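Encoded as structure tokens, the structure appears first; notes follow it.
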Amino acid sequence: MSKADNYKWVKGLDSLRFVLAFIVLLSHYNIALVYTLTTSSSNTLKLCGLILANIFDGTAAVMAFFILSGFVIHYHYKNGIVSLKQYAIRRFLRIFIPLIVIYIAGIKFNHPDKTVIWSLICELIYYALYPLVAIIKISWTKKTVFIYIISFIVIVIGAPHDVLALFNQTGAYQGYYWQLGPFLTWIIGLPVWLLGVLIAENVDNLKNISFTKLSLYRFLTFIISCLCIAGQLYWHISYIISMNIFALLMYKWIEAEILYFKNHEPNSLTETMGKFSYSLYLCHPLIYAILSIWLVNNMATYFLFILLAVFISYLFYLIVEKPSHKLAMKLSRI
């Protein structure tokens, strides 16, 4: 979304997008220091390595992206979609063009982009469903509760091994959120996306909050995200189970962010960098695969990987993503 859309602009969203995209990147770029610490003879250093290995939860960041997406769509269309043609062109084209470019570029490298494309397929399905769900004459709260129930049923039927592993603490176990494939995972993630719609439905009627309360939400969200990683790795708590529950806390956290920045200015740097957060999210797996041809990820090169990923993603934004936005806007006016 850009200000050129003539929509009400919500401060702080671009900062959130950048932070979330950066967390996804960090979750995929193995921290070389972790191996050094965890193989140390010192128990203290091993503990530090264990903590460092479990602080960037990329899957949780994707859930937050779902919530933000639901918010953005409904906040600007909750009074109705004037033109379905305009809605479809603006929403789909700006995602499709960069996605297709990365997909083609990833063929030669065995599609490292598949680690993020599943979520984008879900997003496209949500965009397609939104106009249909919006015309159902029941409250968004009831719709969300109903979809949560459907999602739970699909999890039990589609991932019984993960459900049983949780109760038995043993047995066959996958643990991933997207284990049912992109064309079923959208059902699992739909209630999370609808949480964003709920924020948009109610946010204008809510009171502003203090920085202290916002900080508490941030702290709790971070701690629980770390526990979700540990749960997935050590306690057979699959992401396909934990993430939809954790999303309820992220819903309150993102709501708090939006409320706080109604009357406070966000960081100008992260707001600017958030403009190319989609490019960063989409490109970073392929960038890592290409860089790995010439560089070895170690303690000396780790930050170089990150800096190059951000820089190349920005170039991709200028060359591909930004023009696709402009094209979508131009075609939607025809």
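The values are calculated or read from the model by the stated rules, or taken from the named source; none is laboratory data. It should be emphasised that the depicted structure is a prediction, and the values quoted were computed from it without experimental measurement. Counting neighbours? That spans all protein chains shown, and the Cβs are built from the backbone with ideal geometry, glycine included.
Among the residues making up segment 314-334, those that are small (Gly, Ala, Ser) and more than 18 Å from residue 103 (Cα to Cα) are 328, 332. Would you be able to tell me the number of residues in segment 56-86 that are touching a helix residue (DSSP H, G or I) at 6+ places or on another chain (Cβ under 6 Å), among the β-branched types (Val, Ile, Thr) and surrounded by fewer than 20 Cβ atoms within 10 Å (Cβ to Cβ)? Number satisfying all stated conditions: 1.
Quick grid of which residues meet (1) more than 19 Å from the chain's Cα centre (by Cα); (2) surrounded by fewer than 16 Cβ atoms within 10 Å (Cβ to Cβ):
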residue	(1), (2)
120	no, no
124	no, no
135	yes, yes
139	yes, yes
154	yes, no
165	yes, no
173	yes, no
179	no, no
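Where helices (runs of 4 or more DSSP H) sit wholly within segment 61-144, those with at least 2 residues that are under 30 Å from residue 287 (Cα atoms) occupy 94-106, 114-134. The residue of segment 286-306 that is farthest from the chain's Cα centre (by Cα), among those that are of a type in the set (A, V, I, L, M) and within 20 Å of residue 102 (Cβ to Cβ), is 293.
The residues of segment 127-151 that are touching a Leu at 6+ places or on another chain (Cβ under 7 Å) and closer than 19 Å to residue 91 by Cα amount to a single one, 131. Filter segment 234-265 for residues that are at pLDDT 95 or above and not hydrophobic (A, V, I, L, M, F, W, C) and give the result. Scanning segment 234-265 gives 238, 239, 242, 244, 251, 252, 255, 257, 260. Of all residues in segment 33-60, those satisfying the criterion of being assigned to a helix (DSSP H, G or I) and not hydrophobic (A, V, I, L, M, F, W, C) are 35, 36, 38, 43, 44, 46, 49, 58, 59. Of all residues in segment 207-233, those being in contact with a helix residue (DSSP H, G or I) (Cβ under 6 Å, 6 or more places away or on another chain) and surrounded by fewer than 16 Cβ atoms within 10 Å (Cβ to Cβ) number 1. Checking 321, 271, 265 one by one, the residue that is surrounded by fewer than 21 Cβ atoms within 10 Å (Cβ to Cβ) and under 30 Å from residue 88 (Cβ atoms) is 271 and no other.
Kindly establish whether residue 215 is in contact (Cβ under 8 Å) with a residue 12 or more places away in the chain and not in a loop (DSSP other than H, G, I, E, B). The answer is no for residue 215. Inside segment 168-188, residues that are within 16 Å of residue 228 (Cα to Cα) and at pLDDT 90 or above make up a count of 4. Among the residues making up segment 159-182, those that are under 21 Å from residue 64 (Cβ atoms), part of a loop (DSSP other than H, G, I, E, B) and not polar (S, T, N, Q) are 175, 176, 177, 178, 180. All of (1) more than 17 Å from the chain's Cα centre (by Cα); (2) more than 24 Å from residue 254 (Cα to Cα); (3) among the basic types (Lys, Arg) hold for residue 114 with one exception: (1).
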